[in-house]
Amino acid sequence: MSPAEALNRVLADKAPALAACLSPLGRAVVFPKGIPFQADQARGKRLNGTIGQVTDGAGNPMPLPILAETVPGLDPKVTFLYSPQPGHKEVRDLWRARQLHLAGRTSGKATVPFATHGLSHGLGLVADLFADADTTIVVPSPSWENYELVFTMRTGAKVVTYPFFDGDRFNLDGLGAVLDGLTGKAIVVLNFPSNPTGYAPTEAEAAAITARLAAHAGPAVIVVDDAYQGVVHEPGRLTASLYWQLADALDPARAVAIKVDGATKELMFFPSRMGFLMASLDDAEAEAAWLSKLNCIVRGTVGGPPGPSQAMMLAALRDPARTDAEFGVAMTELTARYRALQDALAGCTSGRLFPRPFNGAFFALVGLADGIDPEVVRQRLLAERSVGLIAIPEDNALRIAYCSTRAEDVAEIVRHLDEVVASM
């Protein structure tokens, strides 16, 4: 039996739905016992001649002073030495602790987070492991445009959509209809609060979504994209990740939940390129097999995650009280911009703008009257008003990212939009 076959047998026994959803690549990969594997085994030994990086011979880095002087407060070993393939253990452990804290939990069904080069890379790893020509990707419409690229570009998978909204709420019936029509394995992507809609479900909606997915016959991978986790501006809306409910509810013979998150928005660390993957596995052998497959794909593509970003994250994760307080300050400003946008949209007079429900993340979708092309509006705003917005043709709408606009400028953006559509 080959090493890959041995891993697949473990997963088939311990995590049947995950095993059933593996792509040909996912079935084939196993972390080779090459340099990173052997170097990891030698970590902490008195004499270590395993890995090709310059040290002082005692495990300490020897960075150029011109670089070291730029980051005097960071741990030099984390900053200037190769990272372990799945990320530094302390970063991964503290990230898991933070996710549990944000969910108001002390425990939950989740593997130790695997560090990725940002959330897009995390989604790409899911695509590599599970997506192929026999896979259906289920996403709402509208959703983040990059999902289709990530999940289909190299895989041959097909995308099936359903309308995001049913009136002023999430379209649970639409999701259910797609699930009922599936005949093979699927990857179901959920993103709350959503980009581009800015919508977070109520607690009751979240429970209904969980129940509907738990009832699906499978096999399915349920991907929870938590890019905007907790960025919610109204009470009564889901602030914790939906992942934890799903991890508790899903039958591992039919579905597995995977949480994709990262420092980009959760720590307001946009250039960090630090994301994480967790899966709803509660067996050590299955987790080891999952880790081996992820390690193999990363080893064969982009390599381990960046050290400086992990060192900077450690400073924040080691001081959760300060991190939460400072994130709260940022949230206060975001909520002020959200309120300003609500007020500005309520004051529109053209009768040709129809805001979709929004209560979280960084965005609002503003629908246009029939016959008005959002791309034409976008181009006119650029050319005539020096205003940039994003056209969402599938929803006949424009996306306003109020996260990048001062509260005092929001009303001006909406005024220009209202005036342009009034003239069409």
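The values are calculated or read from the model by the stated rules, or taken from the named source; none is laboratory data. Note that the structure is a prediction, hence the values are computed from the model and not measured. Backbone-built Cβ (ideal geometry, glycine too); neighbour counts: all protein chains shown. Protein only, heavy atoms only, side chains kept; ligands, DNA and RNA dropped before computing areas. Shrake-Rupley method; radii C 1.70, N 1.55, O 1.52, S 1.80 Å.
Compute the Rg/Rh shape ratio of the range 1-143: radius of gyration over Kirkwood radius, all on alpha-carbon atoms.
Details: Rg = 19.4 Å, Rh = 18.8 Å.
My calculation of the ratio gives 1.03.
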Over the Cα atoms of the range 73-160, Rg to Rh with Kirkwood Rh, two decimal places?
1.07
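Got a number for carbon plus sulfur as a percent of the range 1-153's accessible area, 1.4 Å probe? All intermediate terms of the calculation are to be shown ahead of the outcome.
Values: 4420 of 7820 Å².
Heavy-atom surface of the range 1-153 belonging to carbon and sulfur, 1.4 Å probe: 57 percent.
Within the range 75-189, what percent of beta bridges assigned by DSSP are antiparallel, to the nearest 5?
Values: 2 of 11 bridges.
Restricted to the range 75-189, the bridges split so that about 20 percent are antiparallel.
If you average the sequence gap of Cα pairs under 8 Å that are 6 or more apart and divide by the length of the chain, what percent do you get for the contact order?
Details: 763 pairs, mean separation 82.3, N = 424.
Computed value for the chain: 19 percent relative contact order.
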Would you mind computing, in nm to one decimal, how far apart the modelled labels at Ala58 and Ala330 are, each placed 7 Å from Cα along Cα→Cβ?
3.8
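How many Å³ per residue does the convex hull of the Cα positions in the chain occupy? Please list the in-between numbers first.
Working: hull volume 67.0 nm³, N = 424.
Hull volume over Cα atoms, normalised by residue count, gives 158 Å³.
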Cα-Cα separations in the range 200-315 greater than 19 Å, expressed as whole percent:
57
Using a 1.4 angstrom probe with every protein chain in place, what is the largest-first accessible-area order of Thr111, Thr183?
Thr183, Thr111
If one compares the long axis through the Cα atoms of helix 119-130 with the longest principal axis of the Cα atoms of the chain, the angle in degrees, nearest 10, works out at 70
Leaving out ligands, DNA and RNA but keeping every protein chain, what accessible area does Leu102 have, in Å² rounded to the nearest 10, with a 1.4 Å probe?
60
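Provide the percentage of antiparallel DSSP beta bridges, counting only those with both residues in the chain; round to the nearest 5. Mind showing how you got there, number by number?
On the way: 24 of 45 bridges.
Here the antiparallel bridges make up roughly 55 percent for the chain.
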Roughly how tilted is helix 307-317, in degrees to the nearest 10 and between 0 and 90, from the longest Cα axis of the chain?
70
Applied in sequence order to the range 206-218, the curve 6.51 cos²θ - 1.76 cosθ + 1.60 (Karplus, θ = phi - 60°) yields integer Hz couplings, x standing for Gly and Pro, of 4, 5, 5, 4, 4, 4, 5, 5, 5, 7, 5, 5, x
Rounded to a whole %, the carbon-and-sulfur portion of the accessible area of the range 246-384 at a 1.4 Å probe is 54
Helix 89-102 axis, angle to the chain major axis (alpha carbon atoms, nearest 10°):
40
If packing is taken as the average count of other Cβ atoms within 10 Å, what order do 204-216, 59-71 fall into, highest mean first?
204-216, 59-71
Compute the whole-percent fraction of alpha carbon pairs in the range 259-309 spaced more than 17 Å apart.
49
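Give me the mean projected area, in nm² to one decimal, of the convex hull enclosing the Cα positions of the range 104-244. Don't skip to the end; give the middle numbers.
Details: hull surface 34.5 nm².
Orientation-averaged projected area of the Cα hull: 8.6 nm².
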Per-residue ellipticity at 222 nm attributable to helices in the chain (runs of n ≥ 4 DSSP H, -39500 (n - 2.57) apiece, nearest 500 deg cm²/dmol) works out to -13000 deg cm²/dmol
Sort 399-410, 276-287 by the packing proxy (mean of other Cβ within 10 Å over each peptide's residues), most packed first.
276-287, 399-410
Using bins 5 angstrom wide from zero, how does P(r) for the range 318-424 break down, in % of all Cα pairs?
2, 12, 23, 23, 17, 9, 5, 4, 3, 2, 0
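For each pair in Lys45/Lys293; Lys185/Lys259; Lys109/Lys293; Lys14/Lys89, compute the distance between the two Cα atoms and list the pairs where it is over 22 Å.
Details: Lys45/Lys293 26 Å; Lys185/Lys259 19 Å; Lys109/Lys293 19 Å; Lys14/Lys89 24 Å.
From the list (Lys45/Lys293; Lys185/Lys259; Lys109/Lys293; Lys14/Lys89), the Cα-Cα distance tops 22 Å for Lys45/Lys293; Lys14/Lys89.
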Size descriptor, Kirkwood hydrodynamic radius, that averages inverse alpha-carbon separations across the range 39-104, Å
13.9
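On average, how much accessible surface per residue is there in the range 1-141, in Å², for a 1.4 Å probe, leaving out ligands, DNA and RNA?
Numbers: 7130 Å² over 141 residues.
I get 51 Å² per residue for this part.
GluC sites (Glu not before Pro), restricted to the range 71-179: which are DSSP loop and have at most 10 other Cβ atoms within 10 Å? All intermediate terms of the calculation are to be shown ahead of the outcome.
Details: sites: Glu90, Glu145, Glu148; in loops: Glu145.
Filter output for the range 71-179: empty list.
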Per principal axis, largest first, the Cα atoms of the range 1-61 extend in Å by 48, 21, 19
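Where does each of Glu419, Glu266 land when they are ordered by accessible area, with a 1.4 Å probe and the largest first? All intermediate terms of the calculation are to be shown ahead of the outcome.
Values: Glu419 75, Glu266 5 Å².
Order by accessible area, largest first: Glu419, Glu266.
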Sorted largest first, the Cα spans of the range 198-249 on the principal axes come out in Å as 35, 21, 18
